[in-house]
Each structure stands twice: as structure tokens, then as C-alpha cells.
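Values in this text are rule-based calculations from the coordinates and carry no lab data. If you're wondering where the values come from, they're calculated on a predicted model, not measured in any experiment. So basically every Cβ, Gly included, is an ideal-geometry build from the backbone, and we count neighbours across all protein chains shown.
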Amino acid sequence: MRAIAERSIHLMADGTLEQLREVVHPDATNREAVDEPPDCRGTGPEAFWATALWLRSAYSELAFTVETAAVDGDLVVTYGTMSGRHTGNFTIWTPDGRVERAFAPTGKRFEVHHAHFLRVRDDLVVEHWAVRDDQAQARQLGWIPPTPAYLLRCAVATRRARRSVGGRAYARGAEGWERGEAWTRQNAS
């Protein structure tokens, strides 16, 4: 069970949909998807894949580590880090599926602690939720305290995300990430 839980976490950074299908149940739920794009809020490997693409569109060099894990019945709890470089818009969504805000890329690196809780049945993840240090991540990325210039960049990024076709700007960003496009100063404007 522990190996399945850990693999599911690592696949979010560099796995494929086919690999997620090997470890995520068709009815699995990601309880953290409430402020993610609508495609992430479904069930099964496709929803987990949508979350992976959303994260990858905002963070290049995305990586997860698992420092320790504990198993209690069908529950696996992991503690480790998430790290990456903020090279694309990080978009937050409303419960009704609209873009709430977008954090413009800063090009900065971050590394924060996470605890992931994964319920595993029949060798498949059926439920996921997490405790993250979002405030430390925001500080490391320069989101807080924001400068006036950064607030303006975020306002422009939010407007562009809201105007994107179907609000799916994260999907286009993920395609760029998959091609290995590097973040440049030009991307930040």
C-alpha cells in the first residue's frame, strides 16, 4: 500500500495518464481539487491527471519527495516536500468553475512541506487529501508580500486566464511544459 501511495504522488510530477491508471481507482476522489480547474474535480485517473497538468503548467522542475510514511488500515500518510520553479501562471478557480485569480510567473524556486493522506483499496488510491504549507510557498515565490508591479502582473494574468477559451489556460501551459520550454524574462511580461 505504501508503495502505491508514494508512486501516485511522484506520478503527479512526471507520470503519464496511463501510469496513473495503474494506481488510481476509476472512482477515486481528490479532496484538494476544490480550487483547481473543473476537470480536476471529477473522479478517477483522468481527474488526477488534470491536476498533474495544472501543476505542471505553473511549475517546471516539479518534484515530490517522501521523507516518511505511515500505514493505518487502508490509510497511508506521507510527509515530504514539493518543489519546483514558478514558470507559468498558477490559476485558482472558484467552486462554480470560474477563474478566481492567477499568480503570474516569478521564475523563483520553492520547496515546501506537504503531508498527503491516501486511502488505498485493492491496490488502488481511492481518496486523497493533503496538508500543505501554502504560506511558505507564497513567500518563497514572492507572492507575499506583493509589490505593486507584481499585483499588476497578476491582474493581467487573471484577465488573460478569464478570457482564455473555456478558461482552460492551464492546458496550453502544460503543453509548453511537456515540450520543455524554458521560463524566460519575456514569459513574465
Practice problem: Give region 35-59 a look and list any residue that's within 13 Å of the chain's Cα centre (by Cα), assigned to a loop (DSSP other than H, G, I, E, B) and surrounded by fewer than 22 Cβ atoms within 10 Å (Cβ to Cβ), or say none. | Solution: GLU36
Exercise. From the list PHE90, PHE64, pick out the single residue that is in contact (Cβ under 8 Å) with a residue 12 or more places away in the chain, out of contact with any His (no Cβ under 6 Å at 6 or more places or on another chain) and hydrophobic (A, V, I, L, M, F, W, C).
Key: PHE90
Quiz item: Do any residues in region 142-155 that are in contact (Cβ under 8 Å) with a residue 12 or more places away in the chain have Cβ atoms under 9 Å from those of residues that are part of a loop (DSSP other than H, G, I, E, B) and among the aliphatic types (A, V, I, L, M), where the two are at least six apart or on different chains, and which pairs are they?
Solution: TYR150/ALA104; ARG153/ALA104; CYS154/ALA104
Quiz item: When you scan region 67-79, how many residues do you find that are surrounded by fewer than 18 Cβ atoms within 10 Å (Cβ to Cβ) and part of a strand (DSSP E or B)?
Solution: 8
Quiz item: Counting only residues that are outside any helix (DSSP H, G or I) and either of a type in the set (A, V, I, L, M, F, W, C) or in contact (Cβ under 8 Å) with a residue 40 or more places away in the chain (or both), which one in region 11-34 is nearest to THR87 (Cα to Cα)?
Solution: GLU32
Quiz prompt | Test: residue in region 119-128 that is loosely packed, with under 14 Cβ neighbours inside 10 Å and in a loop (DSSP other than H, G, I, E, B) | solution = yes
